[in-house]
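**Q** Provided herewith is a single structure, encoded as structure tokens, for subsequent inquiry.
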Amino acid sequence: PEPEPEPPPEPEPEAPLTALAAAMRRRRAARAPPEVRGDAVAKLQGAAAEAAAAVSSQSRIAPLTPAHTASVLALNHERLPAKVCTEALATRLQSSAAHCLVASGTEDSSDAASAIIEGFVLYEILRGSADVVLLAVQSASARRGLGRALLSAALANAAAAGCCSASLRVRADN
């Protein structure tokens, strides 16, 4: 009797491929001369500054502070209902990989406590790559370039932190 043919090998899990791709990106970035990496970061920072300036002199983009966490959670609930659980977002904001920038406007620019959160972007930095997780803007602040300014600032910060790639997933219903 003839022996049965061996079954085809099972495909490799996807995780090693992802890790390999990330390692390759890091190697490519490390091979780039420092002046090239510096130029790329400077261009992103310039684009972020231009986008922020175009929004309004009344808006300011800055890292999230504990005082504004409740406002970010409320904005998430208002703009992204049933998409992102408030408790899950609160936990994610505490992650060491998470970075959150907020766009705020104030009635009195000298009083940061009275800041009104107009929008936020949450991104994570893992293994030299930035992943934009959430981006939301108040309805009243929409269509003024605030989302673009927040995204530009997040990408500039990620590049300055050494990221050489970024990803953003957009839902079909967005």
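**Q** Quick one: which residues, 5 or more positions from ALA166 or on another chain, have an amide H under 5 Å from its amide H? H modelled 1.01 Å from N in the peptide plane, none for Pro or chain starts.
**A** ALA130
**Q** Also: Step through the residues of the stretch 130-142 one at a time and calculate ³J(HN,Hα) from phi using the Karplus curve (6.51 cos²θ - 1.76 cosθ + 1.60, θ = phi - 60°), rounding each to whole Hz and writing x for Gly and Pro.
**A** 9, 10, 6, 8, 9, 9, 9, 9, 4, 4, 5, 9, 5
**Q** Follow-up question, since we're still on this one. Applying a 10 Å radius around every beta-carbon, put 85-91, 74-80, 152-158 in order of their mean neighbour count, most first.
**A** Ranked by mean Cβ neighbours within 10 Å, highest first: 152-158, 74-80, 85-91.
**Q** For LEU64, enumerate residues with amide H under 5 Å from its amide H, sequence gap 5+ or separate chain, H modeled in the peptide plane.
**A** Close amide H contacts, sequence-distant or interchain: CYS100, LEU101, VAL102.
**Q** What number comes out for the charge environment of GLU50, summing +1 per Lys or Arg and -1 per Asp or Glu over other residues with Cβ under 12 Å away?
**A** Every neighbour counted, the sum reads +2.
A short reminder: the numbers here are calculations on the coordinates, not readings from a lab. Just so it is clear, the structure is predicted and the values come from calculations on it, not from any experiment. Please note: Cβ atoms are built from the backbone with ideal geometry, for glycine as well, and neighbour counts cover all protein chains shown.
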